[in-house]
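So the structure is just underneath, and the comments pick up after that.
What follows is calculated from the coordinates using simple rules that are stated; it is not laboratory data. Owing to the predicted nature of the structure, the values given are computational and were not obtained by experimental measurement. For neighbour counting, all protein chains shown are included, and Cβ atoms are generated from backbone atoms with ideal geometry for every residue, glycine included.
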Amino acid sequence: MGKSLISNNIRSLRFNHDEMTQQQLADKVGVTRQTIFAIEKGNYSPSLELAFRIALVFNLPLEEIFSFELKD
Amino acid sequence: MSYQEKKNIVSLISTLLIFLLYSMYVFQMYKEGSFHSTDVFSFWGSFIIILIVVSILAKIIINIIFNIIYRITTHEKEPSFSDELDKLIHFKSITVSHYVFVVGFVLAIGLLAIDVPPYIMFIVFIFSGVISDVVRMITEIYLYRKGV
């Protein structure tokens, strides 16, 4: 629970894509704005399907959006 | 604060208020002798059934009012569907809620085994139902706030 080991750069990617809003991204991938907010904050690790949907929106491979780090 | 957090806080307050007001009303009627049933099982059976019906109706009305106020104050439409995060949080909070209810249920049944009057069993039973619902909502608020 809490901060996940999976981090992402969705916020900056949104900014670089014509300052896309959280709501616009949420509509494109089929979730609520609250979920995009939680993912950006690191409070929720999305399902593999949602991660792929986000990657498709930005037209980038998954590993350029999400990164995984092992912590002790 | 998100829509889901606000909605759960409103539900939490309304659940407690409905239970409190309904209990006070029934016990007032009971003291005045409006209930003629001498059968303890019949009395508590009707208490629980009416509480469930009143709670469902009141929650529907409160939810509609809440959505109207939410739209007016935030100029935002409430989410029309539950996505994967909503479902995950719902499943987790329901699990916690079930554990709480099971503890209350076992306690209520256990009281019967040690010859405690049946009305105590019903009170414990009703409280475990209300507390488990309260715990579900608090868990949802916590998980929306802290993450899963």
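Would you mind stating whether A:Glu64 is more than 24 Å from B:Leu143 (Cβ to Cβ) and more than 13 Å from chain B (Cβ to nearest Cβ)? Criteria met by A:Glu64.
Among the residues of segment B:29-47, are any over 30 Å from A:Thr32 (Cβ atoms), touching a Pro at 6+ places or on another chain (Cβ under 6 Å) and either away from chain A (no Cβ under 14 Å) or hydroxyl-bearing (Ser, Thr, Tyr) (or both)? Talk me through it step by step, then tell me what you get.
First pass over segment B:29-47, keeping only residues over 30 Å from A:Thr32 (Cβ atoms): B:29-47.
Retained after the next criterion (residues that are touching a Pro at 6+ places or on another chain (Cβ under 6 Å)): B:40.
With the extra rule that they be either away from chain A (no Cβ under 14 Å) or hydroxyl-bearing (Ser, Thr, Tyr) (or both), the set shrinks to B:40.
Within segment B:29-47, one or more residues are over 30 Å from A:Thr32 (Cβ atoms), touching a Pro at 6+ places or on another chain (Cβ under 6 Å) and either away from chain A (no Cβ under 14 Å) or hydroxyl-bearing (Ser, Thr, Tyr) (or both).
Scanning segment B:95-148 for residues that are farther than 26 Å from B:Leu21 by Cβ, in contact (Cβ under 8 Å) with a residue 40 or more places away in the chain and surrounded by fewer than 19 Cβ atoms within 10 Å (Cβ to Cβ) gives B:Val96, B:Arg145, B:Val148.
If I filter segment B:61-77 for residues that are touching a residue at least 60 places away in the same chain (Cβ under 8 Å), more than 14 Å from chain A (Cβ to nearest Cβ) and closer than 30 Å to A:Pro46 by Cβ, do I get at least one hit? Within segment B:61-77 (the criterion being touching a residue at least 60 places away in the same chain (Cβ under 8 Å), more than 14 Å from chain A (Cβ to nearest Cβ) and closer than 30 Å to A:Pro46 by Cβ), the answer is yes, since at least one residue qualifies.
Considering only segment A:11-18, I want to know if a residue exists there that is of a type in the set (Asp, Glu) and more than 14 Å from chain B (Cβ to nearest Cβ).
Yes.
Of all the criteria given as (1) in contact with an Asp or Glu (Cβ under 7 Å, 6 or more places away or on another chain); (2) part of a helix (DSSP H, G or I); (3) not basic (Lys, Arg), the one not satisfied by A:Val31 is (2).
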